[in-house]
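First the structure, in the form of structure tokens, and then the observations on it.
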Amino acid sequence: MNNDFAQQWNEATQSFMENMSSFQKINENAFQKLAQQQISLANLYINNSVSQVKLLGEVKDAREVINRQAELAKAFGDEMVKHANATVSLMNETRGEVVSLVEKNLEAVVNAAKKADA
């Protein structure tokens with residue numbers, strides 16, 4: 001009886017550690033991708049600022065400034081939408097990985113309960 005309990009405890013502990021390792025890998029992957037997104041956004045902000053400074057040196061009248069500013073704002077907005085969509089996609093992917101891990105663990109718990117009843 002004690003050996004069975006010790007074996008079950010050992011299996012439960014090992015399963016817990018494997019699950020935590022899997023969860024940590026999911027989080028690490030998401031963090032790395034989000035960090036890359038942040039770096040890309042920082043570059044976008046810098047490039048937009050440089051473009052605006054260049055614009056001020058190139059234009060001759062106020063109307064041209066307004067038109068070019070509108071073009072820059074549209075391009076910047078389009079890029080921001082791309083980044084937002086990529087972030088949503090990443091979050092959905094990560095959610096899917098976590099759901100898959102939880103479902104796998106629930107299945108293992110149900111199977112272990114059935115095995116214990118038998």
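Rundown of residues vs (1) in contact (Cβ under 8 Å) with a residue 12 or more places away in the chain; (2) touching a helix residue (DSSP H, G or I) at 6+ places or on another chain (Cβ under 7 Å); (3) surrounded by 12 or more Cβ atoms within 10 Å (Cβ to Cβ); (4) over 18 Å from GLU28 (Cα atoms), yes/no style:
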position	(1), (2), (3), (4)
ASN48	yes, yes, yes, yes
LEU55	yes, yes, yes, yes
ARG63	no, no, no, yes
ARG95	no, no, yes, no
LEU101	yes, yes, yes, no
LEU106	no, no, no, yes
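Annotation: of all residues in the range 28-75 being in a helix (DSSP H, G or I) and of a type in the set (Asp, Glu), the one that is nearest to LEU90 (Cα to Cα) is GLU28. For LYS33, state whether it is surrounded by 13 or more Cβ atoms within 10 Å (Cβ to Cβ) and of a type in the set (Lys, Arg). Yes: the conditions hold for LYS33. Here SER22, SER89 are screened, and the one residue that is assigned to a helix (DSSP H, G or I), hydroxyl-bearing (Ser, Thr, Tyr) and in contact (Cβ under 8 Å) with a residue 24 or more places away in the chain is SER22.
The numbers here are math on the coordinates, done by the rules we state, and not lab data. Treat the numbers as computed from the prediction; the structure is a model and nothing was measured. Don't worry about glycine lacking a Cβ; one is built from the backbone with ideal geometry, like all the others, and counts go over all protein chains shown.
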